[in-house]
Amino acid sequence: MIRNTAVSTLLLLLWVAPLQAHPVSFKGGYSLMAFNQADMLDWQLLYTFHPKLSLGVDFIRDTMEPQERNFLIPRVSWLVRRWNETDSQANIYVYGGVGVAHKGDLTAPAVEGGVEMDYETRSLYFSGKAQIIAARNFNTLAVYQLRAGFAPYVGEANELHSWIIAQAQYLPYAPENSLRVGPVLRMFYKNVLWELGVSTKGNWNFNFMVHW
Amino acid sequence: MKNRIVQIVMVCAFLAVTPVWAGQSVTVHVKGMVCDFCARGLTKSFNAFKDSAVLEDFKVDLSKHTVSLTVKDGAMMSDADITQVVEGSSLAVDKIER
């Protein structure tokens, strides 16, 4: 318990924002985001109806516990603040929603809350994220994540962009490998982005995003 | 002399509020446009102006942080229109050059 709290606190203190979580894209834009690991997946479909707001639904499947848990949560995301500079951009997003949690014969209301921050230039990237989902009679699901990355080359518009990212992810309620550290390779071309990563303990992750 | 000064001031004022006229090129300097993924909103919005026969073409230049627009003959695109597109993508206009 003390170790979990210390690690959570350390991650929050080291938290620096930015980089492309983008739960809010552009007005009139749709986003499909899929974050996949062997024991958890998180799929989001979002519609940005205002430059600072999006509506969507978040589906999470967690197989870390012996019995699979599913969460379906409609949510609102808010671009709290964006700093647009000539050579950089920084963002703070918060989001929240109320939905349902399901496990076996058990169904309960669930709430989700989260905050994401990022900072990027054309060649550097930092981001942080904290996401928590709670439901009555369910163990809390939490994901804390920090990233730092660089672009080995700087791509132009309509070219393939590549990034090499170091990721630290902490899942305090995971029964094993709660701290997952490792590299992620990110590539994107126009409006399609994909990432492939693996932790030092062999936990893989594959993420996919598309905006239209 | 005084009349000449008044005439110059009036012409300058007219040019300052005149939107981009047909066939003109305009360069929009954008703040916050640091990645192609982030510029997708601009691309989608300016494509809509191409489809509606306002823009002949446009080009995003990430290294210069600009979007270059070419307005079609007989069409018009105001600074307000351009600003609305940029701000709709949660980016910011630094300046517009004609």
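A few comments on the model shown:
- Relative contact order %, the range A:88-168, counting alpha carbon pairs below 8 Å whose residues are six or more apart: 22
- With 5 Å bins from 0: P(r) over the range A:46-150, alpha-carbon pairs, percent: 3, 12, 19, 19, 16, 13, 9, 5, 3, 1, 0
- Taking Cβ atoms as reference points and 13 Å as the exclusive limit, the residues near residue A:82 contribute a net charge of -2, counting Lys and Arg as +1 and Asp and Glu as -1.
- Size of chain B from its Cα atoms: along the principal axes, largest to smallest, the extents are 54, 28, 20 Å.
- For the range A:47-107, the convex hull spanned by the alpha carbon atoms encloses 100 Å³ per residue.
- Going from the chain on its own to the full set of protein chains, the range A:21-42 has these residues losing 50 Å² or more of accessible surface (heavy atoms, 1.4 Å probe, no ligands, DNA or RNA): A:26.
- Greater than 20 Å apart at Cα, pairs in A:129/B:44; B:50/B:72; A:52/B:31; B:31/B:59; A:190/B:95; B:31/B:72: A:129/B:44; A:190/B:95; B:31/B:72
- A simple charge model with +1 on the Cβ of Lys and Arg, -1 on the Cβ of Asp and Glu and nothing else charged puts the dipole of the protein assembly as shown at about 500 debye relative to its Cα centre.
- Every helix of 4 or more DSSP H residues in chain B counts as -39500 (n - 2.57), and over all residues that averages to -12000 deg cm²/dmol at 222 nm.
- The residues of the range A:150-171 listed by number as losing at least 10 Å² of accessible area in the complex, against the isolated chain and with a 1.4 Å probe, are A:156, A:157, A:158, A:161.
- Projected label distance in nm at residue B:48 and residue B:63, using a 7 Å step from Cα toward the beta-carbon: 3.1
- Shown for the range B:56-94: residues covered by the partner protein chains by 40 Å² or more of accessible area relative to the chain by itself (probe radius 1.4 Å), namely B:62, B:65, B:88, B:90.
- Between the listed residues A:60, A:114, A:101, the Cα displaced farthest toward the positive end of the dipole of the range A:32-117, a dipole computed from Cβ unit charges relative to the Cα centre, is found at A:114.
- Computed on chain A, with alpha-carbon pairs under 8 angstrom and 6+ residues apart, the relative contact order is 17 percent.
- Size of the range A:137-177 as Cα extents on the principal axes (Å, biggest first): 50, 18, 13
- Cα long-axis angle, helix B:40-51 against chain B (0 to 90 degrees, to the nearest 10): 60
- Evaluated at q = 0.20 Å⁻¹: base-10 log I(q)/I(0), Debye formula over Cα of the range A:70-212: -1.36
- Computed over chain B, relative contact order equals 40 percent, with contacts defined as Cα pairs under 8 Å that lie 6+ residues apart.
- Area buried, chain B against chain A - accessible surface, total, 1.4 angstrom probe, square angstrom: 2200
- Per residue accessible area in Å² of the range A:87-196, where ligands, DNA and RNA are left out and the probe is 1.4 Å: 42
- Accessible surface of the protein assembly as shown [probe 1.4 Å, protein heavy atoms]: carbon and sulfur percent: 63
- Over the protein assembly as shown, the reciprocal of the mean inverse Cα-Cα separation, the Kirkwood hydrodynamic radius, stands at 21.2 Å.
- Taken over the Cα atoms of the range A:93-154, the convex hull encloses 97 Å³ per residue.
The values are calculated or read from the model by the stated rules, or taken from the named source; none is laboratory data. Because the structure is a prediction, the values reported are computed rather than measured. Cβ atoms come from the backbone with ideal geometry, glycine included; neighbour counts cover every protein chain shown. Calculation scope for accessible area: heavy atoms of the full protein, side chains included, ligands and nucleic acids excluded. Shrake-Rupley method; radii C 1.70, N 1.55, O 1.52, S 1.80 Å.
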